Amino acid sequence: AGAENAEPSLSGTETILIVEDEESIRSMIARMLEKYGYKIITAASPLDALRLAAECGDTINLLITDVVMPEMNGRELAEKMMPDHPHMKILYMSGYTANVIAHRGVLEDNVEFLSKPFGRKQLSEKLQKLL
């Protein structure tokens, strides 16, 4: 395999909060990232995420959140978390395309976005860029 297909080497100690209402996707992402040494917190809903972020005591370095969820969208969640985690990076993900979501006013320019489904390679490339 050529170098362009090689998986980026990834390791870190940062705290990552994954917010995804679909359990199978949430646990898959958590498993991928725990392997690299990250501290992972998972939440099934935005309200769960806010509660866990307040309880964890750590600074959340990265929020990986679904865009379209019940209660509030991913951008609203990120805005609520920013005062307590001002240096937090955000990676949005969705089964919808970036264009559909941009039309809903959820994503601004130059945000990091992953279309579901995605693999470990796409996820690790985004993390290298963000962390």
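The values are calculated or read from the model by the stated rules, or taken from the named source; none is laboratory data. The structure presented is a predicted model; accordingly, all values stated were derived computationally and were not measured. Quick reminder, even Gly has a Cβ in these numbers, built from the backbone with ideal geometry, and neighbours come from all protein chains shown. Areas reflect the complete protein model, heavy atoms only, side chains present, ligands, DNA and RNA absent. Shrake-Rupley method; radii C 1.70, N 1.55, O 1.52, S 1.80 Å.
Structure above, values below:
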| quantity | calculated |
| --- | --- |
| Top-ranked residue in the range 60-106 [being open to solvent by 20 Å² or more (accessible area, probe 1.4 Å) and hydroxyl-bearing (Ser, Thr, Tyr); ranked as modelled with the highest pLDDT] | Tyr96 |
| Residues of the range 116-131 satisfying the condition of being under 11 Å from the mean Cα position of the chain (by Cα) and farther than 16 Å from Ser94 by Cα | Leu127, Leu130 |
| Test for Arg31: is it among the basic types (Lys, Arg), within 17 Å of Ser124 (Cα to Cα) and open to solvent by less than 70 Å² (accessible area, probe 1.4 Å) | no |
| Qualifying residues in the range 40-59 (those that are at pLDDT below 95 and in a loop (DSSP other than H, G, I, E, B)) - the one surrounded by the fewest Cβ atoms within 10 Å (Cβ to Cβ) | Gly57 |
